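Taking it in order: structure first as structure tokens, then the write-up.
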Amino acid sequence: MWKKVVSCAAAGFLLASAPLPSALGGNAREAHAAANFNDVSSSFWASKEINFLHSKGIIEGYDDGSFLPNNKVTRAQAAKMILSALGEKEPTVSNDVFSDVKKDHWAAGWISLAKQKGIISGYEDGTFKPEETLTRAQMSKLLVRTFEQEYDLSVKDDTVEPFSDVWINQEFRPYVSKLYQHGITTGTDSTHYSPYSSVNRAQFSVFLSRTIEPSYRVSSAENGGSSTTPPATTSTYGIVKTDSLNMRSGPSTSSGVVASLKRGTKVDYLGDQQGYWVKVRYNGQTGYVHKLYLKLKNEQGSSVANRVIVLDAGHGGKDPGASGNGVVEKELVLDIAQRVQKKLEAAGATVIMTRTDAATYPELKDRTDLAQSKYADMFVSVHTNSAPSAPSANGSEVYYDTSQNTNGSESAILAKEIQEQFVSLVGMNDRGTKDNDFYVVRNTDMPSVLVELGFLTNSGDAAKFKSDYYRNLFAEAIYLGIKNYYSL
């Protein structure tokens with residue numbers, strides 16, 4: 001029944017194939033009812049899969065009732081979860097298993113069994129390295145070689161190259177391709193798999209659940225479904241961006257203060273958003289903080305995945321904006337904004353447009369109210385300049401506000417990142433970033449900027465606006481500026 005099939009000394013893996021016990025079959029939806037862990041809310045992106053594995057006895061939490069979904073998976077933990085999924089029980093060991101796995105190690109029995117079954121081996125120096133973290137590439141190989149016979153995880157098309165960072169002659173490419181074609185992964189964003197990033201407990205739970213329970217799998221263009229990328233498998237944390245932030249017991253200023261957090265403090269982001277309040281964990285305690293005072297960041301994958309970004313194409317409808325050299329502002333900025341939208345959505349962001357056609361004209365208050373009502377993480381308004389009396393005036397500039405915007409300093413950082421891309425990528429004259437209380441950046445509280453792409457009245461700038469190639473570069477510049485802001 002068990003057979004050693006492959007050796008990978010560099011990764012420390014020996015993998016095997018085995019049938020899955022029938023006890024893991026049946027209706028996976030039975031595990032959906034409610035979260036079993038105090039840090040995995042029902043709205044958490046991987047809650048269904050975590051609860052499914054927990055209901056089958058494959059995964060466990062910690063003594064304090066937490067699951068710690070963002071913690072990285074170690075080799076010892078992987079051995080336990082895979083063997084549990086196979087219906088195995090932990091044996092008792094009377095001798096040391098490896099030089100670094102003594103008989104009293106918490107996972108000694110699991111590691112001994114993994115070695116015996118040929119699932120995960122030790123290293124050439126006689127160690128197992130139980131606390132070494134598992135990479136996404138190693139995980140893909142482990143899952144495929146363990147379960148491929150039971151679930152016929154064959155490659156449907158050898159020519160499929162879904163991820164730009166998993167090239168054709170890469171060792172792990174066949175395993176990643178199988179997981180993709182069978183709807184077990186869509187990558188960390190639409191084009192990347194991040195093979196050498198560590199996998200965390202939530203991600204591993206999703207991968208394992210989709211492997212052993214086909215009803216959890218997602219669609220992809222290659223297997224006949226939609227090519228839409230589901231929420232990226234990211235580990236999110238928050239960095240406090242104000243001098244003092246109260247973490248409260250509930251999502252309200254009337255709730256008691258659990259802890260006082262200083263600027264730069266890192267907290268685990270647990271989701272469970274209620275309005276602008278989000279649940280976090282710090283120093284073993286959980287509570288709620290106001291999202292506007294956190295910079296949410298992803299530990300891996302796309303830096304913009306799961307961020308809510310409002311894109312505002314200026315003017316519209318009855319207000320055409322500026323015009324010059326055959327270009328009308330309301331039409332140009334809508335086209336650029338829609339191109340940015342596609343790029344952000346492909347990277348996993350949620351994008352909200354203030355207008356989607358040239359005939360619509362939202363009032364300025366409508367635009368800012370929309371951003372506030374959607375509890376947006378960012379607001380970007382797209383415009384062009386005009387100087388009929390000075391046709392030589394040219395170049396890009398980006399505005400932000402520090403007079404009233406709660407995130408004025410963060411807006412300045414965002415403005416700098418976008419402006420740098422306009423100059424380096426599009427080749428625009430650098431007019432810099434400027435603090436100005438324009439309505440849309442003054443009346444929003446999230447990081448907000450107003451970009452001026454260039455001058456319609458300048459022949460050089462206008463020539464770029466008429467070019468599809470340069471329009472895409474302008475969009476790419478805004479996209480990269482946003483992406484880089486969340487990477488800082």
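The values are calculated or read from the model by the stated rules, or taken from the named source; none is laboratory data. Being a predicted model, the structure only gives us computed values, none of them experimental. Positions of Cβ are backbone-derived with ideal geometry, glycine not excepted, and every protein chain shown enters the neighbour counts. With ligands, DNA and RNA removed, areas are computed over all heavy atoms of the protein, side chains included. Shrake-Rupley method; radii C 1.70, N 1.55, O 1.52, S 1.80 Å.
I'd like to verify a number: residues in region 254-296 that are in contact (Cβ under 8 Å) with a residue 60 or more places away in the chain and touching a helix residue (DSSP H, G or I) at 6+ places or on another chain (Cβ under 6 Å), how many?
1
Within the bounds of region 86-103, is there any residue that is among the small types (Gly, Ala, Ser), at pLDDT 90 or above and in contact with a strand residue (DSSP E or B) (Cβ under 9 Å, 6 or more places away or on another chain)?
Checking region 86-103: not a single residue is among the small types (Gly, Ala, Ser), at pLDDT 90 or above and in contact with a strand residue (DSSP E or B) (Cβ under 9 Å, 6 or more places away or on another chain).
Please indicate, with yes or no, whether at least one residue in region 280-301 is aromatic (Phe, Trp, Tyr), closer than 22 Å to Ser381 by Cα, out of contact with any Phe, Trp or Tyr (no Cβ under 8 Å at 6 or more places or on another chain) and outside any strand (DSSP E or B).
Scanning region 280-301, I find at least one residue that is aromatic (Phe, Trp, Tyr), closer than 22 Å to Ser381 by Cα, out of contact with any Phe, Trp or Tyr (no Cβ under 8 Å at 6 or more places or on another chain) and outside any strand (DSSP E or B), so the answer is yes.
Applying the selection to region 37-61, what residues are surrounded by fewer than 23 Cβ atoms within 10 Å (Cβ to Cβ) and touching an Asp or Glu at 6+ places or on another chain (Cβ under 8 Å)?
If the condition is that a residue be surrounded by fewer than 23 Cβ atoms within 10 Å (Cβ to Cβ) and touching an Asp or Glu at 6+ places or on another chain (Cβ under 8 Å), then Asn38, Ser41, Ser43, Phe44, His54, Ser55 are the ones that fit.
Checking Ala349 against (1) aliphatic (A, V, I, L, M); (2) under 22 Å from Thr444 (Cα atoms); (3) surrounded by fewer than 20 Cβ atoms within 10 Å (Cβ to Cβ), which test does it fail?
(3)
Just checking, how many residues over region 361-378 are within 15 Å of Arg442 (Cα to Cα), open to solvent by 70 Å² or more (accessible area, probe 1.4 Å) and in contact (Cβ under 8 Å) with a residue 24 or more places away in the chain?
2
With the requirement that a residue be of a type in the set (D, E, K, R) and open to solvent by 10 Å² or more (accessible area, probe 1.4 Å), what does region 327-346 give you?
Residues satisfying the conditions are Lys330, Glu331, Asp335, Arg339, Lys342, Lys343, Glu345.
Taking Ala358 as meeting all but one of (1) more than 29 Å from Gln274 (Cβ to Cβ); (2) out of contact with any helix residue (DSSP H, G or I) (no Cβ under 6 Å at 6 or more places or on another chain); (3) of a type in the set (A, V, I, L, M, F, W, C); (4) assigned to a loop (DSSP other than H, G, I, E, B), write down the number of the exception.
Only one criterion in (1) more than 29 Å from Gln274 (Cβ to Cβ); (2) out of contact with any helix residue (DSSP H, G or I) (no Cβ under 6 Å at 6 or more places or on another chain); (3) of a type in the set (A, V, I, L, M, F, W, C); (4) assigned to a loop (DSSP other than H, G, I, E, B) is unmet by Ala358, namely (2).
Please go through region 379-402 and pick out each residue that is in a strand (DSSP E or B), farther than 24 Å from Val327 by Cα and open to solvent by 10 Å² or more (accessible area, probe 1.4 Å).
The answer is Tyr400, and nothing else.
Go through region 97-122 and count every residue that is among the hydroxyl-bearing types (Ser, Thr, Tyr) and closer than 15 Å to Thr74 by Cα. Please lay out each step first, then the result.
If we filter region 97-122 for residues that are among the hydroxyl-bearing types (Ser, Thr, Tyr), which is where we start, we get 99, 112, 121.
Still in the running and closer than 15 Å to Thr74 by Cα: 121.
Matching residues across region 97-122 total 1.
Quick check on region 45-58. Is at least one of its residues among the acidic types (Asp, Glu) and either at pLDDT 90 or above or under 27 Å from the mean Cα position of the chain (by Cα) (or both)?
Yes; the residues of region 45-58 include at least one that is among the acidic types (Asp, Glu) and either at pLDDT 90 or above or under 27 Å from the mean Cα position of the chain (by Cα) (or both).
Does region 228-275 hold any residues that are more than 19 Å from the chain's Cα centre (by Cα), open to solvent by less than 30 Å² (accessible area, probe 1.4 Å) and modelled with pLDDT under 90, and which are they?
Hit for region 228-275 is Gly275, nothing else.
Would you pick out the residues in region 297-326 that are open to solvent by 10 Å² or more (accessible area, probe 1.4 Å) and among the hydrophobic types (A, V, I, L, M, F, W, C)?
Answer for region 297-326, where residues must be open to solvent by 10 Å² or more (accessible area, probe 1.4 Å) and among the hydrophobic types (A, V, I, L, M, F, W, C): Val308, Ala322.
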